[in-house]
1. What single numbered condition from (1) surrounded by fewer than 24 Cβ atoms within 10 Å (Cβ to Cβ); (2) touching a Gly at 6+ places or on another chain (Cβ under 6 Å); (3) not in a helix (DSSP H, G or I) fails to hold for residue 125?
2. So residue 147 ticks every box in (1) at pLDDT 95 or above; (2) more than 12 Å from the chain's Cα centre (by Cα); (3) more than 28 Å from residue 272 (Cβ to Cβ); (4) of a type outside the set (Gly, Ala, Ser) but one. Which box is left unticked?
3. Go through the range 67-90 and give me each residue that's surrounded by 17 or more Cβ atoms within 10 Å (Cβ to Cβ) and under 20 Å from the mean Cα position of the chain (by Cα).
4. Mind listing just one residue for me: the one in the range 143-159 that is outside any loop (DSSP other than H, G, I, E, B) and in contact with a Ser or Thr (Cβ under 7 Å, 6 or more places away or on another chain) and, of those, nearest to residue 13 (Cα to Cα)?
5. Would you mind listing the strands (runs of 3 or more DSSP E) fully within the range 5-107 where at least 2 residues are under 26 Å from residue 137 (Cα atoms)?
6. Out of the residues in the range 160-178 that are out of contact with any helix residue (DSSP H, G or I) (no Cβ under 7 Å at 6 or more places or on another chain) and not in a strand (DSSP E or B), which is nearest to residue 229 (Cα to Cα)?
7. Would you confirm, using the coordinates I've provided, whether residue 282 is modelled with pLDDT of 95 or more and either surrounded by fewer than 23 Cβ atoms within 10 Å (Cβ to Cβ) or in a loop (DSSP other than H, G, I, E, B) (or both)?
8. Which condition number in (1) out of contact with any Ser or Thr (no Cβ under 9 Å at 6 or more places or on another chain); (2) more than 25 Å from residue 269 (Cα to Cα); (3) surrounded by fewer than 24 Cβ atoms within 10 Å (Cβ to Cβ) is the one that residue 177 fails?
Amino acid sequence: MLDSIQVTGQKDTRSGFGDGIFELGQKKPNVVALTADLAGSLKLGPFIKSFPDRFIQCGIAEANMIGIAAGLTVGGKIPFTTTFANFSTGRVYDQIRQSVAYSGKNVKICASHAGLTLGEDGATHQILEDIGLMKMLPGMTVIVPCDYNQTKAATIAIADYEGPVYLRFGRPVWPIFTNPEEPFIIGKAQQLAEGSDVSIFACGHLVWKAIEAARILREKGILADVINIHTIKPLDKEAVIQSIKKTGCAVTAEEHNVLGGLGDSIAQVSTATHPIPIEMIGTQDTFGESGKPTELLKKYGLDTEFIVAAAEKVMARKNA
């Protein structure tokens, strides 16, 4: 299974969103796109050109954008709000909580430039706590796809899903390795490699890093179960339990604070059902800084080599 994963190109995941919403615009006349002065960054050009009457430029007024989106759902529209992840969540948390989550509105909150790989814009823009913020909201679905193909598929899938959704993706050009024909199933984890020694659960950009780590580990005689947890909430608990019962230890990998993110979700399942040693790859309760995306991943311990080291460490703990 691991050998069948091949890079077919490179493209930023935000372009997957842009192409996905453009395709939706052709199929679903009730899809509406809103942005807070970042139409170009969110790749909305084709949608705006083809469906100008279904595009709303809210300006730098994110809270207002969320309120407008909530109101549009009352008339049967499916609003997709767009801006950077920091401004999609931290800046407007009260409006999301009250007008969208509490009210159960069918708003799709689409957030680009998430995590450290936002890069040079620095700590004020590199939100690393948004997964935690959003997954704690009752009724909120949280999705973090891994590449261009999966982001496009997820964008299309959430239009048919009734209820609020947080869709998180990124800025940098990244390897494309998933099958463009594979349907995106919300809440269903994706098995990318089978192994019996250690489970590696990853989301977003770090799924590719997990694949790289699994290949290195195999050269060392360690077989990793690699699972793409593209849906953080609702979590595919069955897939998690099945894997950890088989391997007896796990590594989680995410471009997010280890507090409140994917690692916490996996640990909760393990604690309740099948306690095992777990090592978490993510930022360690810290803000980021300005820099090149790949260099930041390395500095903050989120690169391939750190996943490999975490796997070896957690296996040693299992066998102690």
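1. Among (1) surrounded by fewer than 24 Cβ atoms within 10 Å (Cβ to Cβ); (2) touching a Gly at 6+ places or on another chain (Cβ under 6 Å); (3) not in a helix (DSSP H, G or I), residue 125 violates only (2).
2. (2)
3. Hits for the range 67-90 are 79, 80, 81, 82, 83, 84, 85, 86, 87, 88, 89.
4. 148
5. Strands (runs of 3 or more DSSP E) meeting the threshold: 31-35, 78-84.
6. 161
7. So residue 282 fails the test.
8. Unmet condition: (1).
The values are calculated or read from the model by the stated rules, or taken from the named source; none is laboratory data. Because the structure is a prediction, the values reported are computed rather than measured. Backbone-built Cβ (ideal geometry, glycine too); neighbour counts: all protein chains shown.
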